1. When you scan the range 1-23, how many residues do you find that are in a helix (DSSP H, G or I), of a type outside the set (A, V, I, L, M) and under 12 Å from the mean Cα position of the chain (by Cα)?
2. Report, ordered by the first and then the second residue, all pairs with beta carbons closer than 8 Å, sequence separation of six or more or different chains, a first member in the range 35-60 that is of a type in the set (S, T, N, Q), and a second member that is exposed (fewer than 10 other Cβ atoms within 10 Å of the Cβ).
3. For the range 13-60, enumerate the residues that are under 24 Å from residue 2 (Cβ atoms) and among the small types (Gly, Ala, Ser).
4. Cβ-Cβ under 7 Å, sequence separation 6+ or interchain: first residue in the range 13-31 and over 11 Å from residue 57 (Cα atoms), partner aromatic (Phe, Trp, Tyr). Which pairs?
5. Considering only residues of the range 24-60 that are assigned to a loop (DSSP other than H, G, I, E, B) and either modelled with pLDDT of 95 or more or in contact with a helix residue (DSSP H, G or I) (Cβ under 6 Å, 6 or more places away or on another chain) (or both), which is surrounded by the most Cβ atoms within 10 Å (Cβ to Cβ)?
Amino acid sequence: MADAIYELKNKMGLRNDLKDLNLNEDQINDLVRISRHPNLYNNPVEITDEMLSEMYHKLA
């Protein structure tokens, strides 16, 4: 099902991932900041800003 949705979005010209947004460093830093939702603290593994930044850089 996910593949079908991905293909449909492609056919419609919609964005499918962060690479499509051409994010700059400030925008990635904003993503890291707003990712610090209170629910993140319920995760059994500590998620650091560095981890989030690395993830967003790889995805962007």
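The values are calculated or read from the model by the stated rules, or taken from the named source; none is laboratory data. Computed from a predicted structure; not experimentally measured. Using ideal geometry, Cβ is built from the backbone for each residue, glycine included, and neighbour counts are taken over all protein chains shown.
1. Adding up the residues that qualify gives 2.
2. Correct list of pairs: empty, since none qualify.
3. Listed by number, the residues that qualify are 13, 35, 60.
4. From the range 13-31, the pairs are 16/6.
5. So the residue we want is 60.
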